[in-house]
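Heads up: the structure comes next, in structure tokens.
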Amino acid sequence: MKRLFALLLMWVAVPIAAQTGLPPAPYADRQLSDPQQEAAARDLMEELRCLKCQSQSIADSNAPMAGDMRSQVRERIAAGETPEEVRSWLIERYGNWVSYNPPIASAVTWPLWIAPILLLLAALWLARGRFRKTKDGE
Amino acid sequence: MNRWLLWLPLVLFGLFFAAVATGLIMPKDNIIESKMVGKPMPDFSLPAAIEQRPALSSADLAKGKPTLLNIFASWCLPCIAEAPQLLELQQAGVEINAIASRDTPEDIANFLNRWGNPYARIGSDTTSRVQLELGSSGVPETFIIDGNGIIVYQHIGDIREEDVPRILKLLEEAK
């Protein structure tokens with residue numbers, strides 16, 4: 001009985017240790033009732049960067065700030081905004097940094113798109129020499 | 001085979017090594033500046049965070065003289081560190097308004113009783129809505145707003161003693 005009580009106390013202690021005593025934003029962890037809207041919001045959340053834990057998407061993060069961002073995304077999409085409108089609303093405030101889908105036509109982010117193609121071409125060019133050699137050896 | 005080509009793998013390795021080494025040596029810069037600097041304050045209206053201070057809306061931040069907008073929280077340690085500097089700025093005649101981030105009235109009142117209350121108005125932003133509008137990514141952050149409600153500067157992190165003269169100068173310039 002004592003042990004059970006201690007176990008129950010530990011259960012209670014978890015929320016006390018949380019960062020804030022506030023409940024999360026309304027739609028931080030609650031899905032929208034329209035499955036299509038929820039899917040659109042979900043897809044967008046996977047592509048938005050958490051401001052606190054910067055290597056995670058807001059869909060992945062447990063940070064309170066990420067929860068607030070998820071709620072904002074869902075509320076805006078429920079209000080009829082398209083995912084791209086929500087994304088550009090955030091980019092306007094935080095820059096391209098906040099999106100995991102960087103634009104191709106931007107002075108800073110175009111190498112992200114071009115570099116893989118260039119590397120692949122370089123690899124093909126290197127491999128070409130190899131293939132030729134084995135043929136010669138036969 | 002071209003003799004110079006022999007060196008290519010070494011050069012590539014050198015580049016790779018340089019990239020990794022700089023990543024290890026240079027401190028990571030995680031500061032995300034708001035793109036709202038230079039733009040007008042977005043429209044917002046927040047309820048009062050505590051009984052002793054009035055609520056805060058964007059209209060309060062465009063009343064002809066430059067003001068500071070401080071984003072703080074009772075659960076934020078650096079906010080304690082910057083409290084003396086905020087009081088110093090207030091005593092220098094600066095109007096400081098605040099947004100309390102994800103906080104409860106009791107916690108805010110306790111925090112201000114303990115560390116001082118330099119604020120004219122405090123709005124309560126329980127879901128970070130206004131913080132996201134401002135392009136702010138954490139607490140504490142302080143914005144300088146000119147008399148027309150244009151954001152002229154964003155200070156990320158706690159205000160240290162050495163930051164105070166610069167903030168006073170920027171406030172003077174924003175007049």
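The values are calculated or read from the model by the stated rules, or taken from the named source; none is laboratory data. Just so we're clear, the structure is a prediction, and the values are computed from it rather than from any experiment. Please note: Cβ atoms are built from the backbone with ideal geometry, for glycine as well, and neighbour counts cover all protein chains shown.
Give me the pairs: first residue in the range B:14-41 and part of a loop (DSSP other than H, G, I, E, B), second residue among the basic types (Lys, Arg), beta-carbon distance under 8 Å, and six or more apart or on different chains, which are they? That search, which allows pairs on different chains as well, returns B:34/A:93; B:35/A:93; B:36/A:93. Set side by side, the residues A:71, A:57 differ, and just one is touching an Asp or Glu at 6+ places or on another chain (Cβ under 7 Å) and closer than 18 Å to residue B:138 by Cα, which is A:57.
Among A:42, A:93, which is the only one that is within 13 Å of chain B (Cβ to nearest Cβ) and at pLDDT 85 or above? Criteria check complete, one pass: A:93.
Among the residues making up the range A:96-112, those that are within 14 Å of chain B (Cβ to nearest Cβ) and either in contact with a Ser or Thr (Cβ under 7 Å, 6 or more places away or on another chain) or in a helix (DSSP H, G or I) (or both) are A:96, A:97, A:98, A:111.
State the number of residues belonging to the range A:49-69 that are within 14 Å of chain B (Cβ to nearest Cβ) and more than 21 Å from residue B:101 (Cα to Cα). Count: 2. Within the range B:110-148, the set of residues being more than 10 Å from every other protein chain (Cβ to nearest Cβ), surrounded by fewer than 18 Cβ atoms within 10 Å (Cβ to Cβ) and outside any loop (DSSP other than H, G, I, E, B) comprises B:110, B:113, B:114.
Pairing each residue of the range A:70-89 that is more than 11 Å from chain B (Cβ to nearest Cβ) with any residue that is of a type in the set (Ser, Thr, Tyr) and not in a helix (DSSP H, G or I), provided the two are 6+ apart or on different chains, yields C-beta distances under 6 Å for A:74/A:27; A:87/A:99.
Remark: pairs (first residue in the range B:121-149, without any contact (Cβ under 8 Å) to a residue 12 or more places away in the chain; second residue in a loop (DSSP other than H, G, I, E, B); Cβ separation under 9 Å; 6+ apart in sequence or on different chains) = B:132/A:51. Considering only residues in the range A:72-92 that are more than 21 Å from residue A:112 (Cβ to Cβ) and buried (at least 21 other Cβ atoms within 10 Å of the Cβ), the one that is nearest to the chain's Cα centre (by Cα) turns out to be A:73.
The set of residues in the range B:52-102 being in a strand (DSSP E or B) and either acidic (Asp, Glu) or free of Cβ contacts under 8 Å to residues at least 40 places away in the same chain (or both) consists of B:96, B:101. Number of residues in the range B:153-175 that are closer than 18 Å to residue B:95 by Cβ, within 12 Å of the chain's Cα centre (by Cα) and surrounded by fewer than 23 Cβ atoms within 10 Å (Cβ to Cβ): the value is 3.
Given the criteria loosely packed, with under 13 Cβ neighbours inside 10 Å, among the acidic types (Asp, Glu) and either within 12 Å of the chain's Cα centre (by Cα) or within 14 Å of chain B (Cβ to nearest Cβ) (or both), does residue A:34 qualify? Give the steps one after another, and end with the answer.
Numbers: loosely packed, with under 13 Cβ neighbours inside 10 Å: yes; among the acidic types (Asp, Glu): yes; either within 12 Å of the chain's Cα centre (by Cα) or within 14 Å of chain B (Cβ to nearest Cβ) (or both): no.
Spelling it out, it is not the case that residue A:34 is loosely packed, with under 13 Cβ neighbours inside 10 Å, among the acidic types (Asp, Glu) and either within 12 Å of the chain's Cα centre (by Cα) or within 14 Å of chain B (Cβ to nearest Cβ) (or both).
Filtered by the rule that a residue be closer than 24 Å to residue B:173 by Cα and either among the β-branched types (Val, Ile, Thr) or more than 16 Å from the chain's Cα centre (by Cα) (or both), the range B:67-94 gives B:67, B:71, B:84, B:87, B:88, B:90, B:91, B:92, B:93, B:94.
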